[in-house]
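The values are calculated or read from the model by the stated rules, or taken from the named source; none is laboratory data. All values derive from a computational prediction rather than experimental measurement. Here Cβ is always computed from backbone atoms with ideal geometry, including for glycine, and neighbour counts include all displayed protein chains.
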Amino acid sequence: MKLIIAIDDTDNLESRGTGFRARQLGLSLEDLGYAQLLSITRHQLLVDERIPYTSHNSSASLLINSLVDIKSIIDLCALYLKEESAEGSDAGLCVAEYDCVSDKIIEWGHRAKTEVLTLEEAHLFAKNEGIFLEGYKGLKIGVIGSLAAVGLRKEGCDGRLLWLRNMRETTGIFNISDKEFFKIIQFKEQDKIFKIIYHKKQ
């Protein structure tokens, strides 16, 4: 079962950022045999003085193939955020089946890039859509960004890639048009194909 896990507002000014926490969480899911981690992306949301973000107001999403039931995934992610989110953070968690993420959730993601949204609106929205959304620590307003990240990740047209297997170990300058000389990792979402150069064929 393919799932999207999204987290937001897990840090403070002195701690490691949400991107680091997303990578740590994803690799923990793999190490425990809960999931196969496919990719992690960062999504930039609205920067506005009315929003109490830590530094950049960005959220992170993890795309996984779950090897256990969704409740087990949620329980582990919730425990992770409770234990690892920084003091003073307002962590939020959203978990949804990939195929159940609707156009309305994608629209929420786009709104979070241009509008100031509320905690109450996020919870009502998630309840109506039937997806898991919960906040931990502080004001718990990270639910707004985590819900947005789920929608933006499903659409597949937003964000920056933070993690893909072997991505950080790959070095060099590559010519993407030279397909005969390179292996290309491909992963497909709907009708969109993202290509990452992996390494040169021997």
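Of the helices (runs of 4 or more DSSP H) that lie entirely inside segment 26-137, those containing 3 or more residues that are modelled with pLDDT under 95, in the same structural domain as Ala148 (by TED's automatic domain parsing) and within 20 Å of Thr10 (Cβ to Cβ) span 70-84. The condition of being of a type outside the set (Val, Ile, Thr) and buried (at least 17 other Cβ atoms within 10 Å of the Cβ) holds for only one of Glu115, Glu129, that being Glu129. Within segment 80-93, one or more residues are among the polar types (S, T, N, Q) and under 24 Å from Arg16 (Cβ atoms).
Yes/no matrix, rows are residues, columns are (1) among the aliphatic types (A, V, I, L, M); (2) free of Cβ contacts under 8 Å to residues at least 12 places away in the same chain; (3) loosely packed, with under 14 Cβ neighbours inside 10 Å:
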position: Leu62; (1), (2), (3): yes, no, no
position: Lys71; (1), (2), (3): no, yes, yes
position: Glu83; (1), (2), (3): no, yes, yes
position: Gly92; (1), (2), (3): no, no, no
position: Glu97; (1), (2), (3): no, no, no
position: Gly109; (1), (2), (3): no, no, no
position: Leu119; (1), (2), (3): yes, no, no
position: Glu134; (1), (2), (3): no, no, no
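When you look at Val143, is it in the same structural domain as Arg42 (by TED's automatic domain parsing) and either surrounded by 22 or more Cβ atoms within 10 Å (Cβ to Cβ) or in contact with a strand residue (DSSP E or B) (Cβ under 9 Å, 6 or more places away or on another chain) (or both), yes or no?
yes
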